[in-house]
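Structure first, commentary second.
The values are calculated or read from the model by the stated rules, or taken from the named source; none is laboratory data. Please read all numbers here as calculations on a predicted model, not as lab measurements. Methodologically, a virtual Cβ is constructed for each residue, glycine included, from the backbone with ideal geometry; neighbour enumeration extends over all protein chains shown. Keep in mind that these areas ignore ligands, DNA and RNA; they rest on the heavy atoms of the full protein, side chains included. Shrake-Rupley method; radii C 1.70, N 1.55, O 1.52, S 1.80 Å.
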Amino acid sequence: MKTFTTVVRYDDVSKDLDIYIKEELLKNGFTVDEVSPSIVIVIGGDGTFLHAVHERIEELDKVKFYGIHTGTLGFFTDYRSDQVDEFINDLINKKPFITDYQLLEATVDDNKKYYAVNEIRIENISRTQVIDVFVNETEFETFRGTGMCVSTQLGSTAYNRSLHGSVIQEGLPLIQLSEIAGIHHKAYRSLGASIVMKENTKIEFKSDNFSGAYLCADAYNYPIDNVNKIDVILCEKRVKMLKFKEISYFKRLQSLF
């Protein structure tokens, strides 16, 4: 585990930390490998972390992520920028434990697949969508509105939280379905609340016309014109994170408010 690369947010603090961390690790027997690193060191925020994971989405079984946050404490990082020496010392001298998290997988019309750490969304800002929702092959509801969001436990504190979805405690392998600006009146209604489901749940979204809508995988957006069906599951792909200390989940959660 001596080869590494870095993914760095574009601000001066992060860039300076990148230079310093590389210098210290190279002095201690580490080697920079941009192609096949065993460790990806993320310097920035949670958004930078998500970007780093998506860059390595096809090789997650070969790489582990380790992060330093250049803002406040993040959900994907254990160290702040003023703890850089502790960060380096732990990586050089301590034996880590590894936590891993399942990714969401969206399959579009039984063909193209997309992956997400936090959430998969179907959104259309130009017109109301009509989406039939199936859970484990059983018809659940017909939704009308801007879109739907499926989130992981990690993603429950991200976009899902802004939709007034539930925050799911760390360690619970669950998925959550939340509405995005649903329309509810006496002619038609959907659940109107987030629903938390077991890890082996398959959610299907069907529509005669997804024209103008986008499938959003974390911060990445893909047009889904001429698509009729999207399946979302928790898949076997996992993102692995190096850990050297235990930080209370509720301490991390406090940083959000």
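Compared with the direct C-alpha span, the chain from L26 to N228 gains 67.6 nm at full extension, assuming 0.36 nm per residue. Take T128: with every protein chain present and a 1.4 Å probe, its accessible area is about 70 Å².
Computed from point charges on the beta carbon alone (+1 for Lys and Arg, -1 for Asp and Glu), the dipole magnitude for the stretch 51-135 about its Cα centre is near 60 Debye.
I need the semi-axes of the equivalent ellipsoid of the stretch 118-163: take the C-alpha gyration tensor, multiply each eigenvalue by 5, square-root it, list largest first in whole angstrom.
They are 20, 16, 7 Å, listed from largest to smallest.
A probe of 1.4 angstrom, applied to the heavy atoms of all protein chains, finds C216 with accessible area near 10 square angstrom. Computed from label points 7 Å out along Cα-Cβ, the spacing between D100 and E34 is 2.9 nm. Quick one: angle between helix 46-55 and the longest Cα principal axis of the chain, in degrees between 0 and 90, rounded to 10, please. That works out to roughly 90 degrees. Over the stretch 44-192, the Kirkwood radius and the radius of gyration, each from Cα atoms, give a ratio Rg/Rh of 1.05. Per-peptide packing, taken as the mean over residues of other Cβ atoms within 10 Å, places 224-231, 113-120 in the sequence 113-120, 224-231 from highest down. With each label modelled as a point 7 angstrom along the Cα→C-beta vector, the K245-V135 pair spans 4.0 nm. Taking only the C-alpha atoms of the stretch 1-92, Rg followed by Dmax gives 12.0, 33 Å.
Looking at this model, which pairs from K15/K112; K62/K251; K2/K202; K2/K112; K27/K62 are more than 27 angstrom apart at the alpha-carbon?
Values: K15/K112 36 Å; K62/K251 30 Å; K2/K202 39 Å; K2/K112 35 Å; K27/K62 24 Å.
Cα-Cα > 27 Å for K15/K112; K62/K251; K2/K202; K2/K112; rest within.
Element breakdown for the chain at a 1.4 angstrom probe: carbon and sulfur atoms account for 49% of the accessible area. Taking every DSSP beta bridge that has both residues in the chain, what percent is antiparallel when rounded to the nearest 5? Taking every DSSP beta bridge with both residues in the chain, the antiparallel ones total about 75 percent.
The simple Förster model, with R0 at 25 Å and r as the Cβ-Cβ distance, assigns I92 and D12 a FRET efficiency of 0.50. Heavy-atom accessible area for S166, with the other protein chains in place and a 1.4 Å probe, reaches approximately 60 Å².
Across the chain, counting alpha-carbon atoms alone, Rg and Dmax equal 19.8, 69 Å.
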